[in-house]
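Working notes, beginning with the structure itself.
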Amino acid sequence: MKKIRERIQDRAIRLKGETSIKSILVVCAFVIMAAIMVNSIISNIQLQYQKSQLSNQLFELKNQNKALEQKIEQASTNRYVEEVAREELGMVKSNEVPVKVVEKKVKGEENTKLKSSDKVGIYMKDWYSEIENWVTKR
């Protein structure tokens with residue numbers, strides 16, 4: 001009977017040792033699986049962020065593409081070509097007389113910058129008066 005008791009006690013000690021090793025292995029496996037899951041979740045979040053950034057870039061590029069297509073369409077019209085020829089190259093039609101507007105500087109007058117809309121009004125007034133003078137001379 002003593003021998004049986006000793007064997008049972010030995011076996012119980014072995015089972016306790018095996019049980020603790022098994023539980024340690026189970027805990028380690030659980031920790032490893034949890035780490036893998038957390039890593040995959042973080043990777044998924046990063047990929048979603050990159051996807052949203054790329055979709056924003058795609059949207060901006062599509063808008064730029066539309067704007068460039070509109071510029072190309074506008075540049076192919078005769079009106080645009082005529083406007084560029086007049087404004088940038090200083091060209092005039094064959095039946096037009098070119099008029100050069102010269103601003104007179106008055107002494108003691110301060111140099112103030114005018115808005116572009118004000119400048120157009122001044123230039124147009126001077127231009128009309130010069131045309132009026134030119135017409136009356138002829």
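Residues in region 17-40: is at least one at pLDDT 75 or above and part of a loop (DSSP other than H, G, I, E, B)?
The answer is no; no qualifying residue exists.
Identify, from the list GLU6, GLU83, the residue that is surrounded by 10 or more Cβ atoms within 10 Å (Cβ to Cβ), of a type outside the set (A, V, I, L, M, F, W, C) and closer than 30 Å to SER129 by Cβ.
The conditions single out GLU83.
The values are calculated or read from the model by the stated rules, or taken from the named source; none is laboratory data. Treat the numbers as computed from the prediction; the structure is a model and nothing was measured. As a convention, Cβ positions derive from the backbone with ideal geometry for all residues, glycine included, and neighbour counts pool all protein chains shown.
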